[in-house]
Amino acid sequence: MPRVIADLHIHSRYSRATSTQITVKELAKWGRIKGLNLIGTGDFTHPEWLEELRASLQEVPGTDLYAPMNMPDSKVWFMITGEICTVFEHGGKTKKVHHLLLTPSLEDAELVKEALSSYGDLGADGRPTLKTPASEAVEKILEASPRTVVIPAHVWTPWFSLFGDKSGFDRLEDCYGDMVSRIFALETGLSSDPPMNWRLSALDKYALVSNSDSHSFWPWRLGREANVFDLPKITYREVIDAMREKDPKRFRATIEVEPAYGKYHWTGHRTCNISMPPEEAIRLGNLCPKCGKPLTIGVDQRVVELADRPKSFKPEGAIGFVHLLPLHEVIASVLGSSSPSGKEVWSIYNRLVQGFGNELSVLLSAPYQRLVDVGGKALARAILDVRLDQVKVNPGYDGVYGHPVFEKQTMPNLNRKDI
């Protein structure tokens, strides 16, 4: 069966705080280098980006997926995707929830765009803010395009998410109302992983998907989280059905960063350089011990608040996962560099990719001795630490990324055969 590694949630240059150089060509180029073969286009509701997609993509017959034009050797295909923000009142409070949209064609994208156009200015941002309840948005989307899929995005992030502490809900039913039956998957986000979500029995029936939410095409952002499928044929329907049915033979695993790496894992206050685990934050009444202002409640604490199971619980039939870190971050940590984009980091990265084909092959399966030959013993050891999920990460908090710490120890050669 063809192996598909898919990152279905990214953004175009028309979204806020994104690279101005994002194009279909660059996404295809760097997706191949990363090891992806299916990428979401992002931002299909934006009129200018949608026109650019029409000019840059050609449909692959019989798949409801697209290939980049004028790139005959490209092995990267695209799914038409987007993200919207719904803002609405519920129970006397303002709720702000982001939703990932997957749609089978540019024609469907146009229908969805038109259905949402009365709720906000779709040209103002690639991820538009729409003044409508989430349930109404889902209803309008599915009326316009029944095969479009709506997935709550990065569901635990404090702001703009389904379960977020700042403006979210405690239950899916409260957010989606009578449209909750049309939701079958949740996006975990960088600051949570499947085991954290398994602690809520109410989430057992939902597929857990992972995507990068990348705002650039650089490989330390693109594909840092992804979904792994083995499909009889690479089509939109096969991808959607594999998720909807939570079929472990087709939906093999998710690739996750260690959740402590995410920007909102622990509770904290960035201004005061304060962060802490849930139990300490609760003891302090969720107030900063330096300035007394409210702390930003982290994903770890929010999960604890809603969990009805212990940390060790794993539901029967759960889809597997692996923890990885972007290779640039690993190289930079070993070099002691503060930036993943430094010249020396790039030099080593390029040697590794040239030697093993793509970044994910380096991280998942490159033999230890060959890694030593190409990148040196310290880096080879660090890559094995990542592969064996033995990297300590100082947790991120309140918008600050976590920081990986690599200990100097020799590991045996081991490939990730679970995906």
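For this structure, a couple of remarks:
Per-residue answers, yes or no, for (1) out of contact with any Gly (no Cβ under 7 Å at 6 or more places or on another chain); (2) surrounded by fewer than 22 Cβ atoms within 10 Å (Cβ to Cβ); (3) more than 22 Å from THR235 (Cβ to Cβ):
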| site | (1), (2), (3) |
| --- | --- |
| ASP7 | no, no, no |
| ARG16 | yes, yes, yes |
| VAL24 | yes, no, no |
| THR41 | yes, no, no |
| THR45 | no, no, yes |
| GLU52 | yes, yes, yes |
| ASN70 | yes, yes, yes |
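- If you go through the range 28-48 and keep only what is assigned to a helix (DSSP H, G or I) and within 22 Å of ALA226 (Cβ to Cβ), you end up with ALA28, LYS29, TRP30, GLY31, ARG32, ILE33, LYS34.
- Exactly one residue among SER365, SER337, SER347 is more than 20 Å from the chain's Cα centre (by Cα) and modelled with pLDDT under 95, and that residue is SER337.
- Considering the range 188-226, and only residues there that are among the small types (Gly, Ala, Ser), in a loop (DSSP other than H, G, I, E, B) and touching a Phe, Trp or Tyr at 6+ places or on another chain (Cβ under 7 Å), the residue that is farthest from GLY126 (Cα to Cα) turns out to be SER192.
- Considering residues of the range 365-398 that are part of a loop (DSSP other than H, G, I, E, B) and touching a Leu at 6+ places or on another chain (Cβ under 7 Å) only, the residue surrounded by the fewest Cβ atoms within 10 Å (Cβ to Cβ): LEU388
- Residues of the range 305-346 that are β-branched (Val, Ile, Thr) and in contact (Cβ under 8 Å) with a residue 40 or more places away in the chain: ILE319, VAL322, VAL330, ILE331, VAL334.
- Residues located in the range 285-321, provided they are in contact with a Cys (Cβ under 9 Å, 6 or more places away or on another chain) and among the aliphatic types (A, V, I, L, M): LEU295
- Annotation: of all residues in the range 319-340 being aliphatic (A, V, I, L, M) and in a loop (DSSP other than H, G, I, E, B), the one that is surrounded by the fewest Cβ atoms within 10 Å (Cβ to Cβ) is ILE319.
- When residues in the range 231-252 are screened for being under 24 Å from SER161 (Cβ atoms) and surrounded by fewer than 21 Cβ atoms within 10 Å (Cβ to Cβ), 3 of them pass.
- Within the range 244-299, the residues that satisfy the criterion of being over 23 Å from the mean Cα position of the chain (by Cα) and polar (S, T, N, Q) are THR271, ASN273, SER275, ASN286.
- The range 95-120 - residue that is touching a residue at least 60 places away in the same chain (Cβ under 8 Å) and under 16 Å from LEU172 (Cα atoms) and, of those, surrounded by the fewest Cβ atoms within 10 Å (Cβ to Cβ): LYS96
- Boolean, LEU101 is touching a Ser or Thr at 6+ places or on another chain (Cβ under 9 Å), within 23 Å of ASP7 (Cβ to Cβ), part of a strand (DSSP E or B) and of a type in the set (A, V, I, L, M): yes
- For LEU116, the conditions (1) touching a Phe, Trp or Tyr at 6+ places or on another chain (Cβ under 9 Å); (2) closer than 26 Å to SER19 by Cα all hold with the exception of (1).
- Subset of the range 154-194 that is closer than 20 Å to TYR401 by Cα and surrounded by fewer than 20 Cβ atoms within 10 Å (Cβ to Cβ) - its residue that is farthest from the chain's Cα centre (by Cα): LYS166
- For the residues ILE348, ILE274, the requirement of being surrounded by 15 or more Cβ atoms within 10 Å (Cβ to Cβ), touching a Gly at 6+ places or on another chain (Cβ under 7 Å) and within 25 Å of ARG32 (Cβ to Cβ) singles out ILE348.
For every residue, the table says whether it meets (1) under 17 Å from the mean Cα position of the chain (by Cα); (2) under 26 Å from ALA115 (Cα atoms); (3) hydrophobic (A, V, I, L, M, F, W, C).
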| position | (1), (2), (3) |
| --- | --- |
| ARG13 | no, yes, no |
| GLY35 | yes, no, no |
| THR41 | yes, yes, no |
| MET69 | no, no, yes |
| HIS90 | no, yes, no |
| THR103 | no, yes, no |
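- GLY123 satisfies every condition listed in (1) free of Cβ contacts under 8 Å to residues at least 60 places away in the same chain; (2) surrounded by fewer than 21 Cβ atoms within 10 Å (Cβ to Cβ); (3) not charged (D, E, K, R) except (1).
- With respect to the conditions (1) touching a strand residue (DSSP E or B) at 6+ places or on another chain (Cβ under 9 Å); (2) modelled with pLDDT of 95 or more, GLU407 lacks only one, and its number is (2).
- Qualifying residue in the range 164-187 (condition: touching a Lys or Arg at 6+ places or on another chain (Cβ under 9 Å), over 20 Å from ASP43 (Cα atoms) and among the hydroxyl-bearing types (Ser, Thr, Tyr)): yes
The values are calculated or read from the model by the stated rules, or taken from the named source; none is laboratory data. This one's a predicted model, so the numbers in the text were calculated from it and none came from an experiment. Please note: Cβ atoms are built from the backbone with ideal geometry, for glycine as well, and neighbour counts cover all protein chains shown.
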